[in-house]
1. Of the residues B:I59, B:I31, B:I4, only one is among the hydrophobic types (A, V, I, L, M, F, W, C), modelled with pLDDT under 80 and either on the phi < 0 side of the Ramachandran plot or in a strand (DSSP E or B) (or both); which?
2. Would you say A:A19 is more than 23 Å from A:G181 (Cα to Cα), more than 7 Å from every other protein chain (Cβ to nearest Cβ), of a type outside the set (V, I, T) and assigned to a helix (DSSP H, G or I)?
3. Could you please find all residues in segment B:37-68 being within 24 Å of the chain's Cα centre (by Cα) and more than 7 Å from chain A (Cβ to nearest Cβ)?
4. When residues of segment A:148-188 are filtered for being away from chain B (no Cβ under 12 Å), within 18 Å of A:G124 (Cβ to Cβ) and among the β-branched types (V, I, T), how many remain?
5. If you go through segment A:189-212 one residue at a time, how many are surrounded by 16 or more Cβ atoms within 10 Å (Cβ to Cβ) and at the interface with another protein chain (Cβ under 8 Å from one of its Cβ atoms)?
6. Is there any pair linking a residue in segment A:31-60 that is more than 30 Å from B:F88 (Cβ to Cβ) and assigned to a helix (DSSP H, G or I) to one that is among the hydrophobic types (A, V, I, L, M, F, W, C) and modelled with pLDDT of 90 or more, with Cβ under 7 Å and at least six apart or on different chains, and which?
7. Sort out which residues of segment A:126-139 are surrounded by fewer than 23 Cβ atoms within 10 Å (Cβ to Cβ) and either under 19 Å from A:C13 (Cβ atoms) or in contact (Cβ under 8 Å) with a residue 24 or more places away in the chain (or both), and write them in order of number.
8. Examine segment A:74-82 for a residue that is within 25 Å of A:A18 (Cα to Cα) and not in a helix (DSSP H, G or I), and state whether such a residue exists.
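The values are calculated or read from the model by the stated rules, or taken from the named source; none is laboratory data. Remember, predicted model here, so these are calculated numbers, not experimental data. For neighbour counting, all protein chains shown are included, and Cβ atoms are generated from backbone atoms with ideal geometry for every residue, glycine included.
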Amino acid sequence: MHIEDGILSAQACAGWYAATAAFVVPGIYEIKRRIHENLSYKPFLAMVGVAVFVISAMHLPVPVTGSCSHPCGTALAAILIGPFATAVISTIVLFFQAVFFGHGGITTIGANTFSMGICGGLSGWVFWKALRGVNCPVWLAAGVAGFVGDLMTYLVAAFELAWSLHGQVPLVKQWMIFFMGYGPTQLPLAVGEALFTSAVLLAMLNRRPDLLPQVLVRKHAPQVLLKKEA
Amino acid sequence: MNTISTPVPPLGSEGSNPRFFDGFTKVMLTIMIVMELAIFASASYMSHHKLTGTGTDDIVNNLATAKKVNGEHHPFVELPGDSELSAFSVANFFAGVIVGYNWLRLFGSKPQPGAKKDA
């Protein structure tokens, strides 16, 4: 999903920047508010931001397709710090990846953030909330969130490309052509991201459930604390 | 307001017992070795079958560029040869230090029964 400079038109780049700003600006306010409410939020944000930087730069080979791709980590980030804050850290992550590694581009930060930081994070967060709302186990809800967030990132990236470049070809057909460039390699990685999201979230909840009250459904949070202290 | 717990005790203090292979190190090394073996096995399979192992981002960027009449995609900075490896190594080393530092501060120890809870 690291779309490089020179592919999208200037109008498309501006449009995706505007769409991303609609999430990043509230995200900045959310971060400021939560830092005042909770001392642990600031180191938490730093840790999650750096983790997303590493995870989304970690190219893994997939032998069945003969190509490499990377997970995203934004679904996990959205569960831990919220979807709007995830949009903010994704913007920073993609800026540094473009400048340091030549991954992605500067004009396409808006488009890349929209696919990975906003759609990937938000879709994972929605699935997480919905599944936890019906008392789904943490490992399953987190796994589904990781899986959905990963694939949604690439679906949206393919759509961004298709929307700008479909020309005379039907939009949906061009969208699926681009997605088939990502999909076969991304599918096994999405399964890996599901396992990773579950494992990390369970480890955190096992160590410090008190730091993650927003992660558990509220009515269960005190029970977990009492169980740990007993 | 949440309090941040004290991380693992400093070396030399009472209760600290530094070992090369404590539980955490063993788990991390095991995960690392399993991942490295999977990468080496996958890469070996790809090499044997003459598969290039190109990143899908690059494949799709090339596909997208082919749709444009005068299109040419380019990264913001082109890192030639091993300089890309250096950039990744430096960034990931410091990223690991930052994640580890904050992980210890937040999750290095379980909360004490008498510790302050939210105000």
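1. Numbers: B:I59 fails: modelled with pLDDT under 80; B:I31 fails: modelled with pLDDT under 80.
After applying the criteria, what remains is B:I4.
2. Here the answer is yes, as A:A19 does meet what is asked.
3. Result: B:L37, B:A38, B:F40, B:A41, B:S44, B:D58.
4. Total meeting the criteria: 2.
5. Looking only at that region, the number is 5.
6. Filtered contacts from segment A:31-60: no entries.
7. Within segment A:126-139, A:R132, A:G133, A:N135, A:V138, A:W139 meet the criteria.
8. yes
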